[in-house]
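Participant: Mind having a look at this structure? Questions to follow.
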Amino acid sequence: MIKKISVSELIPGMYIHDLNCEWMEHPFLTNSFPVDGQARIAKIRSLGIQEVYIDTERGIDLPHAPTAEQVQKDLHQRMQSIAATHTERPNPVDLITEAPRAKKLHTEANRIIKNLMTDVRLGAQIEVERMEPLVESMIDSIFRNQSALLPLAGLKKHDTYTFEHSVSVCALMVAFARELDLPYQTIKDIALGALLHDVGKAMVPDYILNKPASLTAKEFVAMKDHVVYSIEILKQTPGIVPVAMNVAAQHHERHDGSGYPHRLKGGEISLYGQMASIVDVYDAISSNRVYHRGLPPSAALTKLLEWSEHHFDPRLVHNFIRAIGIYPAGSLVRLESGRLAVVREQNEGDLLYPRVEIIYNTDLGCYLTPELIDLRSGNDRVISNEDFNKWHINPKPWLPSAS
Ligand SMILES: [Fe+2]
């Protein structure tokens with residue numbers, strides 16, 4: 001049986017099933033292994049890991065610990081109640097109109113950030129004024145209808161992850177800032193900081209950034225240095241205001257002080273740094289990497305909620321979940337009728353009943369003629385999140401901009 005326990009309850013003889021942390025945040029070769037001594041436990045603790053899953057069939061049990069199934073059930077209920085308290089925020093533009101614009105913008109944004117990273121690597125200075133039109137276009141698109149740009153941000157290729165991640169984080173940060181009703185100028189500063197938050201990766205060797213295997217302890221340290229490089233580069237960039245700097249400088253800090261580079265805690269981390277840490281983790285764990293399959297968006301949000309007890313401010317995680325919906329646009333869901341559907345957009349104010357496109361019949365195992373339905377009509381409802389990979393369905397043809 002898989003059970004969740006606190007690291008303080010770990011003893012030699014137990015078997016770790018899952019370290020329950022971001023895969024990039026630990027230097028172990030695998031996520032599951034036997035606990036062979038106190039040194040191993042000390043190492044896990046030193047990484048800031050607070051809770052792990054153990055396999056009681058392969059090691060010592062802890063009778064009172066909750067099962068993974070109980071933990072998931074509890075998280076599911078919490079997700080539902082978070083979604084139930086959302087304020088209405090109508091979209092000024094419909095999805096069909098915004099989709100082609102968002103697609104063009106996404107391509108352009110990736111090209112700009114790719115070139116910027118290359119220029120920085122060659123020693124060029126970042127010109128903030130030249131980034132402004134991109135920042136404004138990203139904000140405009142999200143405010144017109146965020147369901148057009150956000151699903152595009154979710155799809156990345158292995159070799160282009162570094163700059164595609166920056167564009168994703170920017171789009172998600174704007175949606176998050178919108179949910180928090182932050183002023184326009186602050187949103188602009190946040191968006192700029194998000195586009196540049198990982199600029200220090202230009203100084204990390206490619207073989208470490210794209211290594212198709214676990215990093216060695218030394219490589220792990222070199223990877224973490226990207227934050228220090230980002231800070232140095234942005235300090236030398238005229239026009240970088242504190243909000244943008246905080247987004248970049250604090251995106252790997254964690255609420256419990258287990259982050260880096262400065263191990264800041266709670267209120268020592270600015271609101272913008274805390275937002276960035278949530279969004280950065282969400283995008284990282286929901287993206288496919290060289291040797292790591294990304295979680296479906298809803299599963300990634302559930303993980304954030306689980307980790308919010310230690311790593312993030314729980315209230316901010318709730319706000320982020322409301323910002324993109326518990327069934328984010330572009331994700332696959334199973335309906336009570338047995339059909340699979342792609343979430344098109346949220347019904348603002350009613351996140352449990354999104355507008356979806358029905359595509360597949362699980363009873364017959366075949367595709368259906370696509371049909372758009374509004375789940376608020378009451379004819380069907382979401383019963384679970386699904387993984388495109390599990391059903392061998394390519395998500396790309398089902399993006400709003402593909403039609
Ligand atoms: Fe980073």
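Participant: What order do you get for 1, 117, 14 when you list them from fewest to most C-beta neighbours inside 10 Å?
Facilitator: 1, 117, 14
Participant: Another question, then. As I understand it, the dipole of the range 1-123 uses +1 on the Cβ of Lys and Arg and -1 on the Cβ of Asp and Glu, about the Cα centre. Which of 52, 122, 76 lies farthest toward its positive end?
Facilitator: Projecting each Cα onto the dipole axis, the largest value belongs to 122.
Participant: Taking the range 212-299, which chymotrypsin sites (Phe, Trp or Tyr not before Pro) meet the DSSP loop condition and have no more than 14 other C-beta atoms within 10 Å?
Facilitator: When the chymotrypsin sites (Phe, Trp or Tyr not before Pro) of the range 212-299 are filtered for loop state and at most 14 Cβ neighbours within 10 Å, 291 remain.
Participant: Which value, in Å to one decimal place, does the Kirkwood hydrodynamic radius take for the range 2-66 when every pair of different Cα atoms is included?
Facilitator: Here the Kirkwood hydrodynamic radius works out to 11.6 Å.
Participant: Can you give the calculated 222 nm mean residue ellipticity of the chain, where each DSSP H run of n ≥ 4 adds -39,500 (n - 2.57) and the sum is split over every residue, rounded to the nearest 500 deg cm²/dmol?
Facilitator: Computed mean residue ellipticity for the chain: -14000 deg cm²/dmol.
Participant: Mind checking the range 89-178 for trypsin sites (Lys or Arg not before Pro) that DSSP puts in a loop (not H, G, I, E or B) and that have at most 11 other Cβ atoms within 10 Å?
Facilitator: 157
Participant: Cα to Cα, under 17 Å, and not fewer than 8 places away if on the same chain: which lysines meet these conditions relative to residue 43?
Facilitator: Within the straight-line cut-off, residue 43 pairs with 218.
Participant: Please rank 221, 317, fewest neighbouring Cβ atoms within 10 Å first, as an exposure proxy.
Facilitator: Ordered from fewest to most neighbouring Cβ atoms within 10 Å, 221, 317 come out as 221, 317.
Participant: Using a 10 Å cut-off around each Cβ, can you sort 206, 198, 61 from fewest to most neighbouring Cβ atoms?
Facilitator: Ordered from fewest to most neighbouring Cβ atoms within 10 Å, 206, 198, 61 come out as 206, 61, 198.
Participant: Which pairs break 25 Å Cα to Cα here: 73/390; 114/211; 3/73; 104/211; 201/235?
Facilitator: 104/211
Participant: Let me ask another. Quick one: among 76, 64, 106, which has the greatest mean-square fluctuation in a GNM of the chain with alpha-carbon springs under 10 angstrom?
Facilitator: 64
Participant: With only Lys, Arg, Asp and Glu charged, each at its Cβ (+1 for the first two, -1 for the last two), find how big the charge dipole of the chain is about the Cα centre; round to the nearest 20 debye.
Facilitator: 540
Read the figures in this text as sums done on the coordinates, not as results from a lab. Quantities reported herein were computed from a predicted structural model and do not represent experimental measurements. No Cβ is skipped: glycine too gets one built from the backbone with ideal geometry, and neighbour counts run over all protein chains shown.
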